[in-house]
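**Student:** The structure under discussion is supplied below as C-alpha cells; questions concerning it will follow.
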Amino acid sequence: MKRLPGSVWILGVISFFNDVASEMLYPLLPIFITRVLGAPVAVLGLIDGIAEGSSALFKVLFGHWSDRVGRRKPFVLLGYVTSSLAKVLIALSKTWGLVFVARVFDRFGKGVRTGARDALLLEASTPSNRGLVFGFQQSLDSAGAVVGPLIALVLLQVFADSIRTILFIAIVPSLIGVVLVGFVRESGSRPNYRPTAGVSNSAVPEKLDLQSLPHELKIFLVVSALFSLGNSSDGFLLLRARSIGLTLSLVVLAYICYNVVYSLTSTPAGILADRFGPRRIYAIGVALYVVVYLGFTFNHTLAGTWVLFGVYGLYIALTDSVARALVASFVTDQSQAAGIFGLLQSVMSVGLVAASIVGGILWSTIGAWATFAFAALCALAALSLFVVTELRQPLTREPS
C-alpha cells in the first residue's frame, strides 16, 4: 500500500475514536428509545429522519463557510466537540424528546465538520490515490464501529443490560477524539490548486454556484438523492434482526459483523476504485444494496440474517468512501471542495429524512417487509439511472 500522509492517519484515528463512541450507542438506541423510553417505532424513524434532515443545511453552509475563510481545522474541532456534548444529552435523557434534541445536536456537529474534514483529505491526496485516501480513512472510521459495539457487548454483560450506563461510558472515547483534533495541521490559508483547462481559479463565490457544477456531478447528485430516498436508518435493520429472534447481545454482535466487513473492505474498495474507476465500484455496491434489502424483505431465518449483515458491510464499503472519491474527481477548484462535499452529504441527508420517516410509517402501518421493499426499489431506480447515464457518455476522469 502506498505511503499515506500523516494528516490522513490523524484524521482516521480521530474518526476511529468518534465512531467507537457513536457505535457504542447506535445499536442500542433503537431499543433504548422503543423499549426503555416507550416510544413507538414510527418515532424512531421520525427522530433519525429529522435529525439527518437538519444536518443537510449545515453541511452545505459550513462546508462553504470553510471555503470562504480558507480554514478547515476550526470546523473539524467544533463539529467533534458538538457531537461529544450530544452524547452527554443522550445519556441524561429521560424522554424520547430529549434524545431527539440530542440527535439533532449530534447531526449539527457532523454537518459542521464533514465538508472541512473531506477537504483536508482531498488536499492530502493525488488523482492516483484518492480512493485509497478516502477508503483508508473510512476503514479506521468503521474499525471504530467494530470496537464500539464490542465494548458495548462486554458492558451489557458487566452491567446486566443497563443501556444507560453504557451511554455514559461512551462519552469517554468521544472526548479522546476531540483532544486528537489538536494534532491536525493545515496550511492556515485558502488552498490554491491548479484548475482544469478552461476553469479559472478565482476567489470562492459568496454562494455555491450550482449552475457551474459539472454535468456529471449534477447527475451523480440526482442518483445519490434517489438512492438515499430509500436508504433509511440502520436502526430498522437492528429492529428487524430483533424481531426475527436475535437476543439483544446477538443484535449488537450482528452489527459488529457488519462493521468488521465494512472496515476490512473499505481500503481495498478504495484501491479498486483507483484501479478500475469509482463509477464501476459504486455501481456494484448499489447492486449489492438491492440484494441485501430484498433479502431483509423476505428473510425470516437467523442464518439468513447473519449473512445479510455481512453483505451489507460489503455494500457500504463499495459506496461510501468510493462516492467521495468519485465526487473528488469532479472538483476542479479545490478551494471550493468543502462546499461540494457538503452538498453531497446534504443531498444524502435530505433523502434520509424521507427514507426514515416513510420507513417508520410503512413498518407501523403495513409491516417490516414494506420498509425494506421500498428501499430496494429506490436503490434499483438509482442504479438504473446511474447505469443508463454512464452508457450515454464516455468514461472520463477515470484512472488509466
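**Student:** Hey, could you check region 57-90 for residues that are of a type in the set (Lys, Arg) and in a loop (DSSP other than H, G, I, E, B) and say which is farthest from Leu175 (Cα to Cα)?
**Tutor:** Step by step, filter region 57-90, then rank; the result is Arg71.
**Student:** Tell me, which helices (runs of 4 or more DSSP H) wholly within region 298-383 include 3 or more residues that are touching a Lys or Arg at 6+ places or on another chain (Cβ under 8 Å) and closer than 27 Å to Arg279 by Cα? Write out each step before concluding.
**Tutor:** Working: elements: 302-317, 320-328, 337-365.
So the answer is 320-328, 337-365.
So that you can scan it fast, the table gives a plain yes or no per residue for (1) loosely packed, with under 14 Cβ neighbours inside 10 Å; (2) within 25 Å of Thr126 (Cβ to Cβ); (3) modelled with pLDDT under 85:
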site	(1), (2), (3)
Ser174	no, no, no
Val178	no, no, no
Gly182	yes, no, no
Glu186	no, yes, yes
Ser189	yes, yes, yes
Ala197	yes, yes, yes
Asp209	yes, no, yes
Phe227	no, no, no
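**Student:** What is the number of the single condition among (1) at pLDDT 80 or above; (2) under 24 Å from Val112 (Cβ atoms); (3) aromatic (Phe, Trp, Tyr) that Tyr315 does not meet?
**Tutor:** Result: Tyr315 passes all but (2).
**Student:** Count, please, the residues in region 129-154 that happen to be over 19 Å from Tyr258 (Cβ atoms), surrounded by fewer than 24 Cβ atoms within 10 Å (Cβ to Cβ) and of a type outside the set (S, T, N, Q).
**Tutor:** Residues meeting the conditions: 0.
**Student:** Let me ask something additional. Quick one: what pairs do we get from region 279-306, first residue within 20 Å of Phe134 (Cα to Cα), second assigned to a helix (DSSP H, G or I) and charged (D, E, K, R), C-beta under 7 Å, 6+ apart or different chains?
**Tutor:** Hits for this filter: Arg279/Glu390.
**Student:** Let me ask something else. If only one of Ala203, Ala170 is modelled with pLDDT of 90 or more and either among the small types (Gly, Ala, Ser) or surrounded by 13 or more Cβ atoms within 10 Å (Cβ to Cβ) (or both), which one is it?
**Tutor:** Checking each option against the conditions leaves just Ala170.
**Student:** Now a separate question. Considering only region 27-51, how many residues are outside any helix (DSSP H, G or I) and within 14 Å of Ser232 (Cβ to Cβ)?
**Tutor:** Going through region 27-51 one residue at a time, the tally reaches 0.
Every residue, every condition in (1) at pLDDT 80 or above; (2) buried (at least 22 other Cβ atoms within 10 Å of the Cβ), yes or no:
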| site | (1), (2) |
| --- | --- |
| Gly360 | yes, yes |
| Phe372 | yes, yes |
| Ala375 | yes, yes |
| Leu383 | yes, no |
| Leu395 | no, no |
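**Student:** Only one of Leu217, Leu250, Leu213 is modelled with pLDDT of 85 or more and surrounded by fewer than 24 Cβ atoms within 10 Å (Cβ to Cβ); which?
**Tutor:** Leu250
**Student:** Right, next: Say we look at region 286-302 and pick out the residues that are closer than 20 Å to Gly235 by Cα and within 21 Å of the chain's Cα centre (by Cα); which of these is modelled with the lowest pLDDT?
**Tutor:** The extreme case among them is Phe296.
The values are calculated or read from the model by the stated rules, or taken from the named source; none is laboratory data. Everything numeric here is computed off the predicted structure, so don't read it as measured data. So basically every Cβ, Gly included, is an ideal-geometry build from the backbone, and we count neighbours across all protein chains shown.
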